[in-house]
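Some notes on the structure that comes next.
The values are calculated or read from the model by the stated rules, or taken from the named source; none is laboratory data. All values derive from a computational prediction rather than experimental measurement. Because the Cβ atoms are built from the backbone with ideal geometry, glycine has one as well, and the counts that use them run over all protein chains shown. These accessible areas exclude ligands, DNA and RNA; they are computed on the full protein's heavy atoms, side chains included. Shrake-Rupley method; radii C 1.70, N 1.55, O 1.52, S 1.80 Å.
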Amino acid sequence: MSARLEVFLARLYVEAAAREAYRADPDRETTRAGLDAAERAALAAIDAADLDLAAQGFAAKRSHKRRHRWLERVRRYARRLWGRAAAGTSGSRSSIRPRAS
Amino acid sequence: MADVAVEIRDRVGLGWRPELAAATLGHLDTVDVVEVIADDWFGASARRLRALRTLASQVPVVLHGVSLGLASSQSVALSRLEAMARVADAARPEFWSEHLAFVRAGGYEIGHLAAPPRSADTVEGTAANVDHAHRVVGAAPLLENIATLVEPPGRHHSEAEWVAAALEASATGLLLDLHNLHANATNFGFDPLAFLEHIPAARLRAIHLAGGRWITPPDGRPRVLDDHLHDVPEPVFALLEEVAARAPRSLTVILERDGRYPPFPVLQQQMDAARRALAAGRKRRADREAAA
């Protein structure tokens with residue numbers, strides 16, 4: 001089973017539209033992706049409900065990570081502000097910028 | 001040649017989390033080792049890395065990666081391995097580990113650990129990625145089994161067969177996550193002890209313990225979700241005893257908790273339960289050897 005199958009699988013995990021298109025016409029979608037007969041058969045054996053459940057879990061993780069990254073930026077900004085204030089070198093607030101991640 | 005007795009010195013520790021840092025540092029008498037998430041330190045300043053080095057001077061540290069995606073027929077980017085090497089250089093861990101998972105392909109970021117197709121290609125790809133990681137980081141990672149809610153393509157190979165093949169091809173050890181094993185065994189209806197029978201005991205090096213919860217999706221079929229937000233359930237401790245009864249080498253056992261943190265004594269109780277399970281398993285192993 002090829003790298004093409006991993007790409008196809010990743011797309012199914014990430015894109016609801018890709019899952020819908022695959023369910024509507026698996027032959028068309030897998031042919032378009034260049035998958036061979038063994039790969040198509042392996043995909044066909046995947047439980048549809050399990051696939052949806054896994055995809056929902058991955059979407060929740062991606063959302064959680066986005067929130068976490070945003071909070072981390074805020075924390076870093078607060079730490080820098082606090083550090084400068086504690087050192088008595090706070091200066092102009094406008095000179096402090098959150099670090100690009 | 002005379003047999004050389006190997007002294008078994010199992011250790012039990014905790015995943016390093018900012019929310020638990022103060023309590024962990026205050027109880028190093030009961031925490032043998034801490035596991036640091038390497039990815040949290042990718043891109044860290046020199047100052048932050050010095051803090052990591054200071055931590056490592058106070059308690060044994062092991063490193064854990066969560067985003068390399070080693071179990072893939074596609075190569076892991078050198079920049080990711082170099083980031084891991086930089087953190088390893090600061091932490092000087094006793095070992096490092098990553099998951100038997102793929103996390104991206106063809107520009108799609110899955111966002112979490114996904115089970116790769118169970119194929120010869122992914123076994124070979126894993127071995128090549130582990131070899132590359134070994135050369136860049138300076139040591140090969142232990143590989144961890146993952147929890148999955150969907151059986152990947154290639155299900156005519158069992159998970160145990162595929163994991164054993166990946167370990168053999170990669171010539172490295174296993175970080176066995178017992179809650180992942182418990183969850184997969186429950187959700188897909190296989191015997192976790194049969195899984196253990198498939199894994200060469202000499203490859204068992206480290207253990208993860210965690211908790212999860214039951215969910216009931218729209219299809220009405222309840223599943224165990226590995227969420228790291230709950231206490232370690234009893235079947236996981238029973239599996240730990242089974243592992244200790246088999247493993248010929250010392251084990252490093254890490255309790256993972258990622259949220260809904262209980263008071264620290266609750267975590268200590270779970271670490272104590274792990275020590276009891278280890279002791280019971282080691283006694284069974286010693287009794288078996290004495291009887292042989």
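A few remarks follow.
- Within region A:1-24, the set of residues being within 8 Å of chain B (Cβ to nearest Cβ) and of a type in the set (Gly, Ala, Ser) comprises A:SER2, A:ALA3, A:ALA10.
- Residue check for B:ALA160: part of a loop (DSSP other than H, G, I, E, B), away from chain A (no Cβ under 14 Å) and over 26 Å from B:GLN270 (Cα atoms): no
- With a requirement of 3 or more residues that are open to solvent by less than 40 Å² (accessible area, probe 1.4 Å) and without any contact (Cβ under 8 Å) to a residue 40 or more places away in the chain, the helices (runs of 4 or more DSSP H) lying completely within region A:1-63 that satisfy it span A:3-14, A:16-24.
- If you go through region B:65-89 and keep only what is farther than 22 Å from B:ALA147 by Cβ, part of a loop (DSSP other than H, G, I, E, B) and more than 14 Å from chain A (Cβ to nearest Cβ), you end up with just B:ALA77.
- Taken together, the residues in region B:231-271 that are open to solvent by 70 Å² or more (accessible area, probe 1.4 Å) and either within 14 Å of another protein chain (Cβ to nearest Cβ) or charged (D, E, K, R) (or both) amount to 5.
To keep it simple, each residue is scored yes or no on (1) more than 16 Å from the chain's Cα centre (by Cα); (2) aliphatic (A, V, I, L, M).
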site: B:GLU168; (1), (2): yes, no
site: B:ASN184; (1), (2): no, no
site: B:LEU196; (1), (2): no, yes
site: B:GLY220; (1), (2): yes, no
site: B:HIS230; (1), (2): yes, no
site: B:PRO235; (1), (2): yes, no
site: B:LEU240; (1), (2): no, yes
site: B:VAL243; (1), (2): no, yes
site: B:LEU251; (1), (2): no, yes
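- Look at (1) closer than 19 Å to B:GLU109 by Cα; (2) within 9 Å of chain B (Cβ to nearest Cβ); (3) more than 20 Å from the chain's Cα centre (by Cα) and you find that A:LEU43 fails only one, number (1).
- Some residue of region B:10-32 being among the polar types (S, T, N, Q), in contact (Cβ under 8 Å) with a residue 40 or more places away in the chain and surrounded by fewer than 19 Cβ atoms within 10 Å (Cβ to Cβ): yes
- Whichever residue in region A:1-32 is modelled with pLDDT of 95 or more and among the small types (Gly, Ala, Ser) and, among such residues, is nearest to the chain's Cα centre (by Cα): A:ALA10
- Candidates in region B:90-112 are the residues that are of a type outside the set (A, V, I, L, M, F, W, C) and in contact (Cβ under 8 Å) with a residue 12 or more places away in the chain; of these, the one that is nearest to the other protein chains (Cβ to nearest Cβ) is B:ARG104.
- Out of B:HIS198, B:HIS228, B:HIS182, one residue alone is touching a strand residue (DSSP E or B) at 6+ places or on another chain (Cβ under 9 Å), away from every other protein chain (no Cβ under 14 Å) and modelled with pLDDT of 95 or more. It is B:HIS182.
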